[in-house]
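Participant: Please see the structure below; I have some questions.
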Amino acid sequence: MQNITFENIHVSGKVIFENDFFRQVHFEEMLNQYDSNFIEFKRMPTLEQFQEKADYLREFHDKYGQEHIRFYFPPNEKPSGDLQQYMEDAGFQTGFLELYAIEPSEFKGKDTPDIEVKEVSKEDLHIYLQLQYEEDLSYGVNYAESKREFNRKQFDNPALQQILAFYKGEPAGYTDIIVGETTVEIDNLAVIDKLQKKGAGSKIQRFVMEAFPDKTVILVADGDDTAKEMYKKQNYQYLGFRYDTLKLFPNKENGKEYEPGTLKI
């Protein structure tokens, strides 16, 4: 297997500043998408350095009406105890992601006959958009609506495939496939609640393996999510972790806080 790192994971957004300490990513098309507007540290910051960058990013995001700040820490390093304590006391939500990869020939997922998986066409694009919209409502109506328009535009992106799964003809789940030169990333894999444990998630992955037999399949999983146990059973290789932290701020218009969001896999 080739050398896979978090650098292989696709990020929506533009790098607007970079030096040997950190890089800043900004995505004007989706300002309320936490994972597309952030600072990524190249080396672990001290508490004072983190506080400085938190103040900077809060001020920067405030100019665009963004009510969050997000940071990613260097791969395979855990923030120091004083930094973790500060983030907890300051109201940050801290977690970690795990990186996985597999060669398609090594995949051991189930093949369920009741599940049909297909690439989204113009005829069923509305189904894909509605499924994502309903899932994204947990992050707020504004986010769900802007994400729906973004997904609609992504339909014409040659580097991305939108995938639907059906259980006995009923829409059951979806994912996005990001096609690279030597890798294929499974991103935003989701199965609707009432059709969980029917084999849709596994069948979606099998579709990817069969469509791209000569590329390494990669994905990231929430470190606290049970999905990562499924990936291990399916023969994915664990390649490392990366800590991240997020802080949300009150919505100035209604005095309420945004719904907490996490990277969905």
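Participant: Report, by residue number, each residue of the range 87-122 that is among the hydrophobic types (A, V, I, L, M, F, W, C) and more than 21 Å from residue 10 (Cα to Cα).
Facilitator: Those that are among the hydrophobic types (A, V, I, L, M, F, W, C) and more than 21 Å from residue 10 (Cα to Cα): 87, 90, 92, 107, 115, 117.
Participant: Right, something else. When both residues are 6+ apart or on different chains and their Cβ atoms are under 6 Å apart, which pairs have a first residue that lies in the range 18-30 and is touching a residue at least 24 places away in the same chain (Cβ under 8 Å), and a second that is open to solvent by less than 30 Å² (accessible area, probe 1.4 Å) and among the aromatic types (Phe, Trp, Tyr)?
Facilitator: Every condition considered, the pairs that remain are 22/41; 30/150.
Participant: Mind listing just one residue for me: the one in the range 74-104 that is more than 20 Å from residue 218 (Cα to Cα) and part of a loop (DSSP other than H, G, I, E, B) and, of those, least open to solvent (accessible area, probe 1.4 Å)?
Facilitator: 79
Participant: Working only within the range 1-30, note down all residues that are part of a loop (DSSP other than H, G, I, E, B) and either closer than 27 Å to residue 100 by Cβ or at pLDDT below 95 (or both).
Facilitator: Matches in the range 1-30: 1, 2, 3, 4, 5, 9, 10, 11, 12, 13, 27.
Participant: Regarding the range 148-170, can at least one residue be identified that is assigned to a helix (DSSP H, G or I), among the hydroxyl-bearing types (Ser, Thr, Tyr) and surrounded by 19 or more Cβ atoms within 10 Å (Cβ to Cβ)?
Facilitator: Taking every residue of the range 148-170 in turn, none turns out to be assigned to a helix (DSSP H, G or I), among the hydroxyl-bearing types (Ser, Thr, Tyr) and surrounded by 19 or more Cβ atoms within 10 Å (Cβ to Cβ).
Participant: Also, quick follow-up: With hydrophobic (A, V, I, L, M, F, W, C) and touching a Leu at 6+ places or on another chain (Cβ under 8 Å) as the only criterion, which of 96, 92, 107 stands out?
Facilitator: Only one candidate qualifies: 92.
Participant: Still on this structure, I have one more. Please specify each residue of the range 15-30 satisfying the condition of being touching a helix residue (DSSP H, G or I) at 6+ places or on another chain (Cβ under 8 Å) and open to solvent by 40 Å² or more (accessible area, probe 1.4 Å).
Facilitator: Selection gives 29 alone.
Participant: Right, here's the next one. Find the residue count for the range 171-213, including only residues that are farther than 24 Å from residue 129 by Cα and free of Cβ contacts under 8 Å to residues at least 60 places away in the same chain.
Facilitator: Residues meeting the conditions: 1.
Participant: Return the pair list, or none, for Cβ contacts closer than 6 Å from residues in the range 115-127 that are outside any helix (DSSP H, G or I) to residues that are small (Gly, Ala, Ser) and open to solvent by less than 90 Å² (accessible area, probe 1.4 Å), at least 6 apart or on different chains.
Facilitator: Once the first residue is outside any helix (DSSP H, G or I) and sits in the range 115-127, its partners that are small (Gly, Ala, Ser) and open to solvent by less than 90 Å² (accessible area, probe 1.4 Å) give 115/165; 115/199; 115/200; 117/165.
The values are calculated or read from the model by the stated rules, or taken from the named source; none is laboratory data. Please read these numbers as outputs of a predicted model, since none were measured by experiment. Because the Cβ atoms are built from the backbone with ideal geometry, glycine has one as well, and the counts that use them run over all protein chains shown. Note: accessible area is taken over every heavy atom of the protein model, side chains too, but ligands, DNA and RNA are not part of it. Shrake-Rupley method; radii C 1.70, N 1.55, O 1.52, S 1.80 Å.
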